[in-house]
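These notes concern the structure reproduced below.
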Amino acid sequence: MNENQFDGLSQLGGSNSIPATPKEAHLEAVPNPEIGTDYLIRFTCPEFTSVCPVTGQPDFAHLVIDYIADQSIVESKSLKIYLASFRNHAAFHEGCTVGIGKRLVETLSPKWLRIGGYWYPRGGIPIDVFYQTGEAPANVWIPDQGVGTYKGRG
């Protein structure tokens, strides 16, 4: 890789504010350093927050994002800022979880992606939401996401 491949990055190495909405957030991709090799990339966000669109109360989730890159990978700081932009975003659990998965697919065009949204109870019921783009390649080890059914999520 050469330094010119990173010229378009606007968030890495700088001071950034959290966008007011996920639509305003800019996800950035960088070249995959291991093109031609299938391998799993995992991001875990155990303190994801959004807002209930009905009550306005905060909602909390443990997100696990797994993907197999093709030509590009997500720049991790831009992902962190994107996920933080949900902090005041009013949406149902399903909209947040699936929307994040689709936005990553749109940005990266990965070979495969899955996201697990393990939500803490709302109204006494935890809601878990899962999105996947298809069958995972057989040649890649894909561990369990490691988040059990609700027992005080941890």
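No value in this document is a laboratory result; all are computed from the given coordinates. From a predicted model like this one, the values you see are computed outputs, not experimental measurements. Virtual Cβ from ideal backbone geometry, glycine too; neighbours counted across all protein chains shown.
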* When only C-alpha pairs under 8 Å and at least 6 residues apart count, what is the relative contact order of the stretch 26-132, in percent? -> 31
* Where nothing but the Cβ of Lys and Arg (+1) and of Asp and Glu (-1) is charged, how large is the charge dipole of the stretch 26-132 around its Cα centre, in debye to the nearest 20? -> 220
* How much net charge surrounds F92 when only the other residues with a Cβ under 14 Å from the Cβ of F92 are counted, with Lys and Arg +1 and Asp and Glu -1? -> -2
* Residue by residue, what Karplus-based ³J(HN,Hα) values in Hz, rounded to whole numbers, does the stretch 130-146 have, using 6.51, -1.76 and 1.60 with θ = phi - 60° and x for Gly and Pro? -> 10, 9, 8, 8, x, 6, 6, x, 5, 8, 10, 6, 10, x, 4, 6, x
* DSSP beta bridges in the stretch 26-132, what fraction antiparallel, as a percent rounded to 5? -> 95
* Would you be so kind as to identify which of C45, G123, N16 lies farthest towards the positive end of the dipole of the chain, taking Lys and Arg as +1 and Asp and Glu as -1 on Cβ and the Cα centre as origin? => G123
* To do: Read phi for every residue in the stretch 41-56 and hand back ³J(HN,Hα) as whole Hz from Karplus 6.51 cos²θ - 1.76 cosθ + 1.60, θ = phi - 60°, with x for Gly and Pro.
  => 10, 10, 10, 10, 10, x, 10, 5, 9, 8, 10, 5, x, 9, 9, x
* **Computed E for D70/F43 - FRET, C-beta separation, R0 22 angstrom, nearest 0.05** => 0.85
* Asked: In the chain, what is the count of Lys pairs whose alpha carbons are under 17 Å apart, counting only pairs at least 8 residues apart or on separate chains?
  -> 5
* Asked: Taking the chain as a Gaussian network, Cα atoms linked when under 10 Å apart, which of A138, A25, A61 shows the biggest mean-square fluctuation?
  -> A138
* **Positive-end residue, the stretch 26-132 charge dipole about Cα centroid, Cβ charges, pick of F86, S109, G99** => F86
* Cβ-defined net charge surrounding A136, 13 Å radius [Lys, Arg +1; Asp, Glu -1] -> -1
* Quick one: angle between helix 93-108 and the longest Cα principal axis of the chain, in degrees between 0 and 90, rounded to 10, please. => 10
